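Take a look at the structure below.
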Amino acid sequence: MSKRAVDSVFQAMFLLTDLRVILRDTAPVHELDESRQAMVARTLAELEEQVKVIRKEMVG
Amino acid sequence: MKCGLSLDVRDIDETTINIDPIQVGGRLTADAMKAVIAYGDGYSVCDNCRKPNRLDMIKSPPIDAFHRDLAAFVNMDEARVVPGARRAFQAVAGTYIEKGDPVLLTALSHYTEFLSVEAYGGVPLEIQKSSEHIITADAAGEKIDSVKREYGRPPKLLYVDHFDYQFGNEHEVKGIIKVAKQNDIPVLYNGAYTVGIMPVDGRDLGADFVVGSAHKSMASPAPSGVLAVTKECAEEVFRTTKAQADLTKRTFGIKEVEMMGCTLMGVTLVGMMASFPHVRERVKHWDCHLSNGRMIVDALLAIDGTTVKSEYPRKHTLTRIDTTGSFDTVARTHKKRGFFLTSALKEKGISGTIPGATKVWKFNTYGMTDAQARYTAKAFQDIALQSGLHVLQ
């Protein structure tokens with residue numbers, strides 16, 4: 001298995017952790033202002049890139 | 001949702017505003033959560049441990065530098081990470097206390113401080129608190145004099161909590177340490193509720209030992225903490241082993257006796273380290289956290305019949321409140337009895353209070369965003385209004 005896959009797995013978990021913290025900061029109603037929504041959108045875009053790498057490296 | 005087969009996912013801080021008195025300062029930062037993911041395996045910080053094989057000397061990850069940073073953070077000379085504040089108490093007690101030694105604690109000291117004295121045969125003696133639940137320098141002086149009369153010598157050691165766990169009140173630590181110094185008594189400053197959430201300067205206070213609880217106030221996994229000491233005391237508390245095995249003639253390098261060698265060897269330490277830059281920054285914003293806490297206390301006090309047991313105005317985000325004259329009057333006739341308040345808070349997404357408590361209870365508002373603080377203040381008042389209580393506007 002490639003180092004690239006390993007890096008992407010960690011990076012994906014770290015990105016999800018950033019989303020977790022946003023959930024904490026906005027509990028209990030989770031109403032996200034524009035700034036937080038933009039942050040979530042950026043994080044999800046990066047996460048999708050990492051998932052693509054994982055799929056390519058581990059599934060083919 | 002489960003973690004593996006049997007553990008439920010713990011999502012209390014993702015789904016609610018947690019006001020548990022002991023939990024809020026220990027919640028992990030994002031960086032600590034990431035470090036926990038990467039370093040979860042047992043001896044994960046030991047990959048690059050080289051001779052002389054001691055935790056505080058490992059360079060990768062930079063544990064050696066972290067120890068220096070920790071000492072500087074509380075303005076002391078040396079520091080070690082320990083498995084919780086209690087193990088720091090134990091290390092200091094193990095170094096100085098001998099059987100029959102009088103040791104000063106206070107009427108608001110944590111039980112682990114008593115246990116550390118007991119473990120080494122010391123005699124724990126309390127400094128009286130005032131009617132306002134404050135430990136004063138005058139009271140400390142009187143107790144020291146009393147001990148000297150009874151034992152013919154001063155106490156061997158004095159423990160003082162800057163803020164106590166029962167009321168979250170601030171005690172006269174600087175004055176108490178001054179009195180202790182005048183009597184040649186070494187002082188352990190217990191910063192379980194300060195180190196990591198507000199600035200602490202051990203040298204300015206005159207403390208010999210500064211103890212912090214990382215899982216309580218430094219955004220770290222449990223059990224973790226810090227013991228920081230002066231250079232003079234470091235030679236005693238962090239003394240190295242001199243033991244030699246009789247048969248094998250083995251010796252044990254420079255392992256420190258009171259630390260039992262290495263202390264935090266994995267996820268606890270990297271959690272501390274990953275949070276530390278954020279912790280060092282957040283203590284500068286203590287006033288903001290205090291301001292949010294005061295707003296919530298004032299919102300509670302606006303509910304007719306509510307009083308605050310802690311000192312007021314508040315100097316800490318941990319507060320002991322008395323709602324015997326407000327929420328408890330509702331509980332007396334409510335079908336859920338005392339659980340009505342817990343239940344109502346839960347419906348509003350607030351957790352961390354003792355289930356069923358409607359008389360005297362504690363909460364801690366540290367770490368809330370401004371929006372969460374406003375939400376919490378309003379939630380208490382909304383519950384009061386919905387329960388037929390009068391709320392002063």
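Observations
- Filter pass, B:Y312 being within 14 Å of chain A (Cβ to nearest Cβ), modelled with pLDDT of 95 or more, closer than 30 Å to B:D201 by Cα and not in a helix (DSSP H, G or I): no
- Residue in segment B:369-384 that is closer than 25 Å to A:H30 by Cα, within 14 Å of chain A (Cβ to nearest Cβ) and not in a helix (DSSP H, G or I) present: yes
- Candidates B:K99, B:K156, filtered to the one that is modelled with pLDDT of 95 or more, under 20 Å from B:D208 (Cβ atoms) and not acidic (D, E): B:K156
- Scope segment A:30-45; condition assigned to a helix (DSSP H, G or I) and either away from every other protein chain (no Cβ under 14 Å) or closer than 30 Å to B:L345 by Cβ (or both); matching residues: A:E34, A:S35, A:R36, A:Q37, A:A38, A:M39, A:V40, A:A41, A:R42, A:L44, A:A45
- The set of residues from segment B:26-60 being farther than 19 Å from B:M259 by Cβ and crowded, with 18+ Cβ neighbours inside 10 Å comprises B:G26, B:R27, B:L28, B:T29, B:A30, B:D31, B:A32, B:M33, B:K34, B:A35, B:V36, B:Y39.
- Options B:V200, B:V160, B:V210: the member that is within 23 Å of the chain's Cα centre (by Cα) and without any contact (Cβ under 8 Å) to a residue 60 or more places away in the chain: B:V160
- Going through (1) under 28 Å from B:A222 (Cβ atoms); (2) touching a residue at least 60 places away in the same chain (Cβ under 8 Å) one by one, B:L300 falls short only on (1).
- Out of A:A27, A:A12, A:A5, sole residue that is within 14 Å of chain B (Cβ to nearest Cβ), small (G, A, S) and in contact (Cβ under 8 Å) with a residue 12 or more places away in the chain: A:A12
- Residue match in segment B:329-345 (condition: of a type in the set (V, I, T), exposed (fewer than 15 other Cβ atoms within 10 Å of the Cβ) and farther than 30 Å from B:A71 by Cα): yes
The values are calculated or read from the model by the stated rules, or taken from the named source; none is laboratory data. Since the model is a prediction, treat every value here as computed from it, not as a measurement. Cβ atoms come from the backbone with ideal geometry, glycine included; neighbour counts cover every protein chain shown.
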